[in-house]
Structures are given as structure tokens and as C-alpha cells.
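What follows is a single structure, written as C-alpha cells, with notes after it.
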Amino acid sequence: MNPLQYIVTFARAAGGAIIDGLIARPNFNDMANLSLTSPSNGSATFNGTSDYVATNIPNASWPTQYSVSFWANIKSGSSDGMPFVLGGGYSVDGFFIQYRPSSNAWEIWWTLANNTNSSIQIANVAVAGEWAFITMTYNGSTLNLYKNGSLIGSASTTIKTPTTYNAQIGRYQNGAAGYWWNGNLANVAVWNRALTSDEINSIQWKRYDLLTSGESTGLVAWYALDDITGTSVPDSTGTYNATAY
């Protein structure tokens, strides 16, 4: 896998400035034929009904500031899908990141300290079948949502510290019908700090071994998802290896 190679189409105005750019996808090679439970060439395919990854990042040590990033591609015709869920999610604690095809939206739901819920939904920014690099950052008071390195949503809030389930990739924590990820995910990573926009734009095209020391600061786990063997999902940092189901 070499995410530094990517397809890009553009038009140039006078003087050479790019006035219209479209990132088609990272160079994750034969994405349509990959399996969640066997080695692949850059991403893992989730079947939308039973595939998910349970991480071993303990809730007890989850920081008050954090970032979550990943490459995602959901299949056309899919129902709502959750690529990343921390804690109990809706009405419990923590948060989840969701793709909602009905409104072509990326959204985040989270639980407040008083056990009520809040969310941000950014409509008309999601396209089924499109690769997108999604990043959520939280500095303890402000939550930001980025797509392909650009800020698309923000909220001033306090997220309740998760105390129940470890983070999961590809499904809601209780396996509720309709929320399984149906498509591909790659380079799912967690930091114990809020990344800057410059860092996000740099990290999105890198694999783990190409991160700078600064970009690696605070990195809790990095799941490339292209190196799954059986049910073993390696954490590139070597700390929180996960399990595929």
C-alpha cells in the first residue's frame, strides 16, 4: 500500500492555480476484492451485516482530548453505517461517527455530561462509492469534523467520558440492525490530542511508517486494516492489537 500515490483531476486557471479539484481515491488497489479476515492490499471490506473490529483501547484511559481519522468508502444502496463508535454511543456515553445515505451526510452523535444527546450533521457532503478521509477532533470543548482535510462542521460541547464499551470499528456497539458498515475502511487511527488542520492534510496521504515524529505524538493506535491475519488486527503502534469478527 502506498497512500502517497493518489488519483486527482483538476482544472487550472491562468497562472496555474487549481480552481477545481476532485480526489478520486487513495491508491488502495484492488479494493472490491478484499476480505476483512485475510491480508489485503490497502483496506478491509466490511459486509454490512456481521463484519466488525473490536479494539482493545481501554475506556478507563481514554483521554479528555482526542482525534479519530480513517479512510472510508461505503457501497451504493447501503443503509446508515457507523465506521467508528466509542463507548456506549447514543444515550449512554462517548460518541459515534456515522454515514447517512438518505441525506448524503456525515454526522457525529455524542452524549453530554447530563446524559442528553447532541449531534452535528453535515448534509450533501457524502457520496456512496467515493473514498473520503474523515477526521474528528475534540480538544475538550470544541468538536470538529473534517472531510478530505477541510473543516465541514463544528460544535462547542462537552462529551461524556466513555465508561462502557471499548471502541469498535464498523458497527454500533450493540450490533443494532441498520448500522453495520457496508464497504471499505483503512488507516483507522486515534490520537490523545486534537490534530491541527495542517497535520490532518499531511496525515491523510501517509501510512504509519511515514508519519513524522510530530504527527506521531499522542498516537494511541493505528489500524491499517491491510494486514489482518485470521481474526488478528494489528495496531501499527504495537500497543492495542484488535480482533476481527
Check your understanding: Of all the residues that make up region 52-77, how many are within 21 Å of Ala244 (Cα to Cα) and modelled with pLDDT of 80 or more?
Key -> 14
Practice item. Identify, by number, the condition in (1) in contact with a helix residue (DSSP H, G or I) (Cβ under 9 Å, 6 or more places away or on another chain); (2) more than 25 Å from Asp226 (Cβ to Cβ); (3) assigned to a strand (DSSP E or B) that Trp109 doesn't meet. Key: (1)
Exercise for review: Scan region 208-224 and report the pairs whose first residue is modelled with pLDDT of 95 or more and whose second residue is of a type in the set (Asp, Glu) and surrounded by 13 or more Cβ atoms within 10 Å (Cβ to Cβ), with Cβ atoms within less than 7 Å and a gap of 6+ or a chain change.
Suggested key: Glu215/Glu199; Ala221/Asp235; Trp222/Asp235; Tyr223/Asp235
Check your understanding: What is the one condition in (1) crowded, with 17+ Cβ neighbours inside 10 Å; (2) at pLDDT 85 or above that Gly89 does not satisfy?
Key -> (2)
**Study point:** The lone exception for Arg171 - which of (1) of a type in the set (Lys, Arg); (2) over 30 Å from Ser76 (Cβ atoms); (3) within 15 Å of the chain's Cα centre (by Cα) it fails
**Key:** (2)
Point to revise | region 78-95 residues that are under 9 Å from Tyr179 (Cα atoms) and among the hydrophobic types (A, V, I, L, M, F, W, C), paired with ones that are at pLDDT 70 or above and not in a strand (DSSP E or B) (beta carbon under 7 Å, 6 or more apart) | key: Met82/Arg171; Met82/Tyr172; Met82/Tyr179; Met82/Trp181
Study note, to complete from the structure: Selection from region 92-127 of residues closer than 18 Å to Gly77 by Cα and either modelled with pLDDT under 90 or in contact with a His (Cβ under 7 Å, 6 or more places away or on another chain) (or both) yields Val127
Review point. Quick one: would you say Phe46 is of a type outside the set (S, T, N, Q), outside any loop (DSSP other than H, G, I, E, B), modelled with pLDDT of 75 or more and more than 26 Å from Leu195 (Cα to Cα)?
Key: yes
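The values are calculated or read from the model by the stated rules, or taken from the named source; none is laboratory data. Please read these numbers as outputs of a predicted model, since none were measured by experiment. Positions of Cβ are generated from backbone atoms using ideal geometry, with glycine treated the same way; all protein chains shown enter the neighbour counts.
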